Amino acid sequence: MAEKLPTEAQIAHQELIDQLDIHSIHKSFRNPHWRPNQRRNKNIKTILGDAQRKEASMAATPQDNNSGDVTPAVGGGGDAENGLSTSGSSTPAQSAGGGGSSNNLQPNLAQASRSLSKLVLEKSLRPNGSGGAGGGGATVSAPSATYTNVESAPSLAHTRRYCDVTGLPAPYLDPKSRLRYHDKEVFGYIRTLPQGVPEQYLEARGAHTVLK
Amino acid sequence: MAPMAIDTLMPPLPVREQRSYPPAKIFNVKETRFEKHVAPQPDGRAKALARPDGDAAIVIDNGSSAVRAGWSLESKPRVSLPPIMAKYRDRKLGKTYSFAGADCYADTTARGHIRNAFEAGTGIVSNWDVEEHVLDWTFLKLGMNNAEGSIDMPIVMTEAVANLPYSRKSMNEIIFECYGAPSLAIGIDSLFSYRYNKGQTGLVVSSSYSSTHVIPVLNSKPMLAQAIRLNWGGWHAAEYLLKLIRLKYPSFSGKLNASQTENMLRDHCYISKAYDDELRSYLDWTGLEERDIVIQYPFTEEVIIQKTEEELARVMERKKESGRRLQEQAAKMRLEKLMRKEEELEYYRKLQEKIADANKKDTKRLLDGDDLKDEAQLERRIKELDKSIKKARTKDVGGDPEEAQELPDFSLLEVPDDQLDEAGLKQKRQQRLMKSNHDARARAKAEKEAEKARAAEEERLDRERRDNDLEGWLEEKRIARENTLQRMKERDRLKADLGNRKSLASQMRMKSIANLASDNPRGKRRRGGDGDDNFGANDDDWGVYRQIAVGEGGSDDEDAEEDLEGNLKALEEDLLRYDASFTHEHTWEAQNDWDKSLLHAFMRGPRPFDAGSQAETHQIHLNVERIRVPEVVFQPSIAGIDQAGLIEIAGDILTQRLVGLPGINHDDFLRDIFLTGGNTLFDGFDDRLRQGLTPLLPAGAPLNLRKAGDALLDPWRGAAQWVGSSGWKAATVTKAEWQEKGQDYLKEHDLGNSYS
């Protein structure tokens, strides 16, 4: 008698689970021959990395300058490649020009080797320039907005300091743990924290040390 | 010395009044749960099929917080589910189970296998198996299982602003290849919401679950090149709050998860109109009742069985009864023993008498018969028995055994050694030992008496002084109290310092150790000149041993080396009794009580905390967090996000990017600042944005904010409304077009991303 009889609640639960399960339901609306790529799950970092590598390798290999408009199909392909590009709008003048004539969309090597974040920064540090040029493009068709370059730039405003423990305004900094604190009682508390905990407080503020 | 005076002379200790507190606002913790099974709804499909071709579509708002899907003909989505799935194999049943959406929460095993379709904290789909599952579930519930071989309806979906081409390609692949849909149109959720709310030109501020976007729209056309994303949304806020709570209650015993913090955010958090001002006084005691929110986690009360009076009495009676029985037994045993001893004594006395009359041989026989060596031993035994009987009798009677005891015999001590034989010497030695013992006891007794007398005398003098010069006496006590406090402070500091190897205190300690260990101690005392350094003349000199011993687990304060706290308490009691100006509020204990502590207000709210109460140890107090977490969208640096805040972004777009464009009236954008997305639902979001933007704009600028009618459902409604319009028809990509034009093909339109 190793088997125990399931209780009523267990039976009801099993029934519910069987009812909720969608694995056993035959789904007639799906293509039975659909076999997705086993490695289709990629995170953003990989996708961006792949795109950047592709771009760099394309820039490195000598290209036939006007292969882009030999056939429309290839032109579409060229477009697609640039769709992967993350530095499409590195200089507004270029992309605005790109909007006009579709054949010299390939970024040069120097551009491709530049880091993405720098490009984004450059872009947002010149809001006037890009605004002017982009505005011209915007009414016709927007120049490429990519996942990385729509990201907000670092703030230019002063950051206010808040106590890491309580969140109140923090005029003081503990040089030992690098935590900001509100008053002497909080300081006493900080000093009694066990090892490693101050680092967690810093992590919540994004000021922790990352060992690589 | 603590005052041990006669009670009648002492005024009573003033009683500290107990405060009472109004009951706290307590909310039970909430989290996402499985609600009920959603049955497939085939009627929607029947309705859609009845419409002329190309007039109806399946609309899916593919959001990272919830996927909402339904028919374009209807006013609201049919199903809404979180984009999660759980799949596992039950080995016992040999069956694979898979669930999607809230169904995952129905089973504990399934809950452990939950995976999300979206990359954590972004609006980008990264797990396509999960996405497929979620879509499967959606289509099943929409009754699409009646369709043969494919989804035979056009599909409208939403995606993130500036979605990655790779992820658009994968979505196209699934929609066209796996589901075989005839066509697909993709747009941006917040733009759908803006369209639904009849926006033409304005600034769309969409703060949603995975991110916050600001998009300027001109004549119904988005200026995506000017759009900006801030990587902060409801998901981040929930994770941040979870992190803060974990840090606030490091030993919390309840189970914490992000779904709970999401609910806390929704129910109790709000955006402060003036963050810094409100924050500064947030933990002040006045009004903390209002600001402090208590979240109660489930707990099991420790059951303390309350016995009735009657039961307690019975238990007491039983205890007494058994005690009495034991006592009786012991007394009986004692009596028996005594009787036995008396009999024995009688026997030995008779023996002695017999011996006295008998000759040597008979004596020897008699003694051997009782295992005795000689007459002396017999005598000793008789004496011993006599003594113990006497002792037992006095004990029963209750006399003092010590008093009744006769002085031992010290006769031999006076006799010189050479006059004694072997046995005599032995006895003398024993007597000497006994005498010194006896003397020591007497000395100790006398000392005790003297000490008692001294204490009484001191007490008397103290009282006299108090009676004659109360002010001076009080002053003395006050100074003593100050000194004690000072010493306590110093002790604490020393203890803290010794934790640090480089502190002065530690180095002094090392020096003393080295000094004590060396053969010829050379320290600063050498300056005194000659060899004798008077070490020990000052009582504090001996503290050197305490100092160097501190490393051993700090046991010396348990030794009550000096009971500073006890001293302080005695002094304070004196002051409480005789000093009218010294009240309970002034005691050290009261000054360090919880109601002076900021951290107590922060962690435990405006009431005392009882660590023994299971209910209270399972409570979370939200106070500063209520404004601290929602504030991050305006000041991302609070949570360590190195990006500009929402006001700065919107201000930058309005004052820098949109200025000086030909043919654009800059004020048109200001007239319609449109808020949508779940993260804008916080109280005060619009007020705060308005307050923040006003100083950035020229005086008299026509700033106008409005909220979406329904910040959560309007994107879906906008997309549903769009179906059938000419814009939709132009934006739709058919399967044939997709096959011809490439995997991530997209038609640009007024509500979607640009095909970069």
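Some observations on this one:
- Taken over the stretch B:446-485, the residue count meeting the criterion of being over 13 Å from residue B:575 (Cβ atoms) and exposed (fewer than 11 other Cβ atoms within 10 Å of the Cβ) is 12.
- Listed by first and then second residue, the pairs with beta-carbon distance under 6 Å, at least 6 apart or on different chains, first residue in the stretch A:198-212 and facing chain B (nearest Cβ under 7 Å) and part of a loop (DSSP other than H, G, I, E, B), second loosely packed, with under 15 Cβ neighbours inside 10 Å and of a type in the set (A, V, I, L, M), form an empty list.
- Of everything in the stretch B:154-184 that is within 13 Å of chain A (Cβ to nearest Cβ) and assigned to a strand (DSSP E or B), the residue that is most open to solvent (accessible area, probe 1.4 Å) is B:159.
- Check on residue B:654, farther than 30 Å from residue A:164 by Cβ and touching a residue at least 40 places away in the same chain (Cβ under 8 Å): yes
- Scanning the stretch A:173-186 for residues that are exposed (fewer than 15 other Cβ atoms within 10 Å of the Cβ) and more than 11 Å from chain B (Cβ to nearest Cβ) turns up A:173, A:175.
- The stretch A:109-197 holds helices (runs of 4 or more DSSP H) entirely within its bounds, and those carrying 2 or more residues that are at pLDDT 50 or above map to A:184-191.
- Residue match in the stretch B:29-45 (condition: aromatic (Phe, Trp, Tyr) and open to solvent by 10 Å² or more (accessible area, probe 1.4 Å)): yes
- Taken residue by residue, the stretch B:185-199 has no member that is β-branched (Val, Ile, Thr) and either surrounded by fewer than 23 Cβ atoms within 10 Å (Cβ to Cβ) or within 8 Å of chain A (Cβ to nearest Cβ) (or both).
- Answer from A:189, A:162, A:147 - the residue that is surrounded by fewer than 23 Cβ atoms within 10 Å (Cβ to Cβ), within 7 Å of chain B (Cβ to nearest Cβ) and of a type in the set (Ser, Thr, Tyr): A:189
- Counting the residues of the stretch B:391-439 that are at pLDDT 80 or above and small (Gly, Ala, Ser) gives 4.
- Some residue of the stretch B:612-632 being farther than 30 Å from residue B:19 by Cα, assigned to a loop (DSSP other than H, G, I, E, B) and over 18 Å from the mean Cα position of the chain (by Cα): yes
- Among the helices (runs of 4 or more DSSP H) confined to the stretch B:679-747, the ones with at least 3 residues that are within 14 Å of chain A (Cβ to nearest Cβ) are located at B:735-741.
- Which listed residue is in contact with a helix residue (DSSP H, G or I) (Cβ under 8 Å, 6 or more places away or on another chain), assigned to a helix (DSSP H, G or I), at pLDDT 85 or above and within 30 Å of residue B:586 (Cα to Cα), from B:491, B:460, B:481: B:481
- Filtering the stretch B:560-604 to residues that are among the basic types (Lys, Arg) and either surrounded by fewer than 18 Cβ atoms within 10 Å (Cβ to Cβ) or away from every other protein chain (no Cβ under 14 Å) (or both) leaves B:569, B:577, B:596.
- Within the stretch B:82-98, residues that are more than 9 Å from every other protein chain (Cβ to nearest Cβ) reach partners that are in a loop (DSSP other than H, G, I, E, B) and of a type in the set (A, V, I, L, M) with beta carbons closer than 6 Å, at six or more positions or on different chains, in the pairs B:82/B:66; B:83/B:117.
- Residue B:731 vs. criteria touching a His at 6+ places or on another chain (Cβ under 6 Å) and among the small types (Gly, Ala, Ser): yes
- Residue check for residue B:72: under 44 Å from the mean Cα position of the chain (by Cα), at pLDDT 90 or above and surrounded by 10 or more Cβ atoms within 10 Å (Cβ to Cβ): no
Here is a yes/no grid of residues against (1) open to solvent by less than 60 Å² (accessible area, probe 1.4 Å); (2) more than 32 Å from the chain's Cα centre (by Cα); (3) at the interface with chain B (Cβ under 10 Å from one of its Cβ atoms):
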| residue | (1), (2), (3) |
| --- | --- |
| A:6 | no, yes, no |
| A:10 | no, yes, no |
| A:18 | no, yes, yes |
| A:27 | yes, yes, yes |
| A:35 | no, no, yes |
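- Taken over the stretch B:99-123, the criterion of being open to solvent by less than 40 Å² (accessible area, probe 1.4 Å), over 30 Å from the mean Cα position of the chain (by Cα) and facing chain A (nearest Cβ under 7 Å) is satisfied by B:99, B:100, B:103, B:122.
Okay, residues lined up against (1) touching a residue at least 60 places away in the same chain (Cβ under 8 Å); (2) not assigned by TED's automatic domain parsing to the domain that holds residue B:570:
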position	(1), (2)
B:443	no, yes
B:450	no, yes
B:458	yes, yes
B:464	no, yes
B:478	yes, no
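- Filter result (open to solvent by less than 70 Å² (accessible area, probe 1.4 Å) and of a type in the set (Phe, Trp, Tyr)) within the stretch B:290-310: B:297
- Subset of the stretch B:85-98 (residues that are part of a strand (DSSP E or B) and open to solvent by 10 Å² or more (accessible area, probe 1.4 Å)): B:87, B:88, B:89, B:90, B:95, B:96
- Figure legend. Inter-residue proximity from the stretch B:596-616: first residues of a type in the set (Lys, Arg), second residues in a loop (DSSP other than H, G, I, E, B) and surrounded by fewer than 18 Cβ atoms within 10 Å (Cβ to Cβ), beta-carbon distance below 6 Å, spacing 6+ or different chains. Indicated pairs: B:607/B:21.
Residue-wise test of (1) open to solvent by less than 60 Å² (accessible area, probe 1.4 Å); (2) touching a residue at least 60 places away in the same chain (Cβ under 8 Å); (3) aliphatic (A, V, I, L, M).
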position	(1), (2), (3)
B:312	no, no, yes
B:318	no, no, no
B:322	yes, no, no
B:330	yes, no, yes
B:333	no, no, yes
B:339	no, no, yes
B:354	no, no, no
B:358	yes, no, yes
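Residue-by-condition table, conditions (1) facing another protein chain (nearest Cβ under 8 Å); (2) open to solvent by less than 10 Å² (accessible area, probe 1.4 Å); (3) touching a strand residue (DSSP E or B) at 6+ places or on another chain (Cβ under 8 Å):
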residue: B:640; (1), (2), (3): yes, no, no
residue: B:645; (1), (2), (3): yes, yes, yes
residue: B:654; (1), (2), (3): no, yes, yes
residue: B:663; (1), (2), (3): yes, no, no
residue: B:666; (1), (2), (3): no, no, no
residue: B:669; (1), (2), (3): no, yes, yes
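- Qualifying positions in the stretch B:124-153 - open to solvent by less than 20 Å² (accessible area, probe 1.4 Å), more than 7 Å from chain A (Cβ to nearest Cβ) and outside any helix (DSSP H, G or I): B:125, B:142, B:143, B:153
- Qualifying residue in the stretch B:121-140 (condition: closer than 15 Å to residue A:147 by Cα, among the small types (Gly, Ala, Ser) and in contact with a His (Cβ under 7 Å, 6 or more places away or on another chain)): yes
The values are calculated or read from the model by the stated rules, or taken from the named source; none is laboratory data. Since this is a predicted model, take the numbers as computed values, not measurements. Ideal geometry is used to build each Cβ from the backbone, glycine not excepted, and the neighbour counts take in all protein chains shown. Protein only, heavy atoms only, side chains kept; ligands, DNA and RNA dropped before computing areas. Shrake-Rupley method; radii C 1.70, N 1.55, O 1.52, S 1.80 Å.
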